[in-house]
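Enquirer: Pasting in a structure now, in structure tokens, and then I'll have a few things to ask.
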Amino acid sequence: MTAIAPRFGPQLIRLLLVTAVLTVGLLGALAGTASAHAALTGSDPKDGAVVDVAPREVTLTFSEQIAMGDDSIRVLDPSSKRVDVAQMQDLSQGGTVRYAVGLKPGLPDGTYTVAWQAVSADSHPVSGAFTFSVGAPSATTATVPDQEAGGGLVGTLYDAARYISYAGFILLVGGAAFVLACWQRGASVRPLQRLVVGGWVTLTAATLVLLLLRTPYTGSGKLGDMFDLGGLSDVLDTKTGAALVSRLLLLGAAALFIAVLFGAYAKRVTEAESEAESEQDREGNAEAGRAKADLAFGLSLGGTVVAAGIAGTWALSEHASTGIQTGLAMPLDVLHLLAVAAWLGGLVSLLVALYRVPDLERAAVRRFSRVAFTSVVVMAVTGVYQSWRQVGSWDAWTDTSYGQLLLVKIGLIAVLLGAAWFSRRWTGLLGEDAKTAKTAEAGAEAESHAEVGVDVAEEDVAEAGTPADPERAVQLARQRTALATARKKRDRDADTERSGLRRSVLIEACVALLVLAVTTALTGTEPGRTQEKEVSRTGTEAAAPAPARPVNLTEPFDTGGTKGKGTLRLTIDPAGPGTNLMHVWIDGPDGKPMDVPEVKVAYTLKSQQIGPLPVVPERLAAGHWSAGNVQIPMPGDWHLQVTVRTSDIDQTTIEKNVKIG
């Protein structure tokens, strides 16, 4: 087994990289189908409606609670001028979330555009637009932002900062827990110190970035607005802003915790070990042990409180704070995050110790194994509850983006548990303890010195501060350092059990990164229960609307007169609600362009009693007509009528049903 395992090292790394790429691609595909967390479920007037008299106000109804400002709803006339007046009204009552904005009196006929933007209860921005017409539809120059709220460069940076903040939290909490619960001597080990401090720095920086990006993320979408002090002041008044500021304050307390952990506590651990090895003063040893235990208890208690507080800033501002049973969901979400950090953060700490520390005790690995098992149990219990709460039904597992992402996460956790099983087996095979390892290292060092012909007596003189040759002393020091490094690497690679454990833990850490990516995507995806509510209210899957497809129509015609026969070709692009481009070509029997005096087009949606809506295309060339601003108010099966006149008295009308949207 030892001869085969190293041979598959590069293949294993390549396999992990391929898995990472495929998973990230899958996440991108799923994220592209995710809809907003709060959805517009109704409006008055309805989307695409044609009313006889201009309404006094426009009312919007949403699927869940949202936060809106006075400028969140805009109503634009056909020339793109605002016609809404006064402040927005909150008409919500009971379980219905409804907002309204008044309109100017005496609005003329035409098509009006309603654009809205808000922040859902779980902190994610949502936006949309629809049209209605007074009297009859008309051409409109009103434009709404092409980019959805929370999208573009700002959205990408915000999502990246969210992922990085989760990673920093896991390294900070998991690394500290690993030191206190599994390997107390690790408090004085530089690689572990750098890992925990790096987690703190990462989480602090990511939180500051999230706070600054919050204004453009929920508003304009312009990166420059992140330094808008007025916008930052508004953010601080929101639930998410308060959570981010609270996280920064708690990170200040975490900095004090880290200073004590790697300062006073590390010193206590070192002193206790030195006194225990000397075994000269038993009373002093007992006193040092009690002092270390008291300090460890205080750090554990204080660290748990601070870690739970930081985890609570996510629970208070994301999915756990909305929906059903929030009083139970939020504390369970905190437990879930703490369990994830203890497991995955401890896993990274163990990996660092296995690669950077040659004398990691077997007892420390076994203690982490027990901590990981407890964390997995807590994750399973809290995860099952959160899944039931967020998914809502069996169909939502496969029919919604949230359910699909959750299945991916469960699959990755299964792989992670499989790798953990192998790690547990390698842990049981670990050999000598730290003292035996140190003895072996001392013997190997003496043997190495003999091999290179180093004179021990000369080294003793050099170390005593009276070297005969300073250059020789420097050379010997370099040799000792190089030999020590080579020896540690050789001993590490020769330890079959530790090498196997390092490989399995490395696999766990790589899969854990993918689990973290899926978890971050889940926090930005609409829960399955909410998506199903939208389907039941609208009758369609709001999360994945059918894309509009251009209409291409080819029909022969005969007006009955001289040169009255030909072929009509018509295209409508993109054939969806809103502005469309229409082209009409008339070809003669020989296939060449046929010039005719007049072409007229009309659209009728009989199911909604809309129309006929006339369109008069312009002649661009012989046999070619075009209309560049064809307004189709809503999707449906539209009845198309094309009238072709070939002389003063000869004409015919071609009728066809076409699918719009």
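The values are calculated or read from the model by the stated rules, or taken from the named source; none is laboratory data. Owing to the predicted nature of the structure, the values given are computational and were not obtained by experimental measurement. Cβ atoms come from the backbone with ideal geometry, glycine included; neighbour counts cover every protein chain shown. Protein only, heavy atoms only, side chains kept; ligands, DNA and RNA dropped before computing areas. Shrake-Rupley method; radii C 1.70, N 1.55, O 1.52, S 1.80 Å.
Enquirer: Got the relative contact order for the range 48-122 handy, in percent, Cα pairs under 8 Å and 6 or more residues apart? Kindly include the intermediate steps, with their values, before the conclusion.
Expert: Details: 126 pairs, mean separation 31.8, N = 75.
Rounded, it is 42 percent for the range 48-122.
Enquirer: Still on this structure, I have one more. Tell me, in nm to one decimal, what length is gained between Lys592 and Lys104 on full extension, where the rule is 0.36 nm per residue of separation less the Cα-Cα distance? Could you put the intermediate results ahead of the total?
Expert: Values: separation 488, 0.36 × 488 = 175.68 nm, distance 5.28 nm.
So the extension gain works out to 170.4 nm.
Enquirer: Another one. What distance in nm separates the two pseudo spin-label positions at Thr304 and Leu407, each 7 Å out from Cα along the beta-carbon direction?
Expert: 3.9
Enquirer: Just reorder Phe257, Phe132 by solvent-accessible area, largest first, 1.4 Å probe, all chains present.
Expert: Heavy-atom accessible area, descending, gives Phe257, Phe132.
Enquirer: Would you tally the net charge around Asp44, using a Cβ to Cβ cut-off of less than 11 Å, leaving Asp44 out, and scoring K and R as +1, D and E as -1?
Expert: Here the count lands on +1.
Enquirer: What accessible surface, in Å², does a 1.4 Å probe find on Leu295, ignoring ligands, DNA and RNA and rounding to the nearest 10?
Expert: The accessible area comes out at roughly 50 Å².
Enquirer: So how do Arg645, Arg56 rank on accessible area, 1.4 Å probe, biggest first, that is with the largest at the start?
Expert: Most to least solvent-accessible, the answer reads Arg56, Arg645.
Enquirer: Take Asp71 and Glu618, extend 7 Å from each Cα along the Cα→Cβ direction, and tell me the distance between the two endpoints in nm.
Expert: Modelled inter-label distance: 3.5 nm.
Enquirer: For Arg56 and Val384, what is the calculated FRET efficiency with R₀ set at 41 Å and r taken between the beta-carbons, to the nearest 0.05?
Expert: 0.25
Enquirer: With all protein chains present, calculate the accessible area of Arg366 using a 1.4 Å probe and round the result to the nearest 10 Å².
Expert: Only protein atoms counted, so the area is about 100 Å².
Enquirer: How many Å² of accessible area per residue for the range 327-370, probe 1.4 Å?
Expert: I get 37 Å² per residue for the range 327-370.
Enquirer: For Gln87 and Arg549, compute 0.36 nm times the residue count separating them, minus their Cα-Cα distance, and round to one decimal in nm.
Expert: 162.4 nm
Enquirer: What do you reckon, how do Val85, Val630, Val53, Val408 stack up by accessible area (1.4 Å probe), largest on top?
Expert: Working: Val85 55, Val630 5, Val53 115, Val408 35 Å².
Correct descending sequence by accessible area is Val53, Val85, Val408, Val630.
Enquirer: Further question: For every other residue with a beta carbon closer than 14 angstrom to the beta carbon of Gln651, add +1 if it is Lys or Arg and -1 if Asp or Glu, then tell me the sum.
Expert: Residues close to Gln651 contribute a combined charge of -1.
Enquirer: May I pose another question? If you count only protein heavy atoms and use a 1.4 Å probe, how large is the accessible surface of Trp183, to the nearest 10 Å²?
Expert: 10
Enquirer: If you don't mind, there's one more thing I want to ask. Just the number, please: carbon plus sulfur as a percent of the accessible area of the range 565-638, 1.4 Å probe, no ligands or DNA/RNA counted.
Expert: Numbers: 1870 of 3580 Å².
The computed percentage sits at 52.
Enquirer: Multiply the residue separation of Ser626 and Ile649 by 0.36 nm, subtract the distance between their alpha-carbon atoms, and state the gained length in nm to one decimal.
Expert: 5.9 nm
Enquirer: Could you work out how far apart the two model spin labels at Val658 and Thr270 are, taking each label as a point 7 Å from the Cα in the direction of the beta carbon, and quote it in nm?
Expert: A separation of 8.1 nm, rounded to one decimal place.
Enquirer: Now a separate question. When Lys and Arg each count +1 and Asp and Glu each count -1, what net charge do the other residues less than 9 Å away from Asp84, Cβ to Cβ, add up to?
Expert: +2
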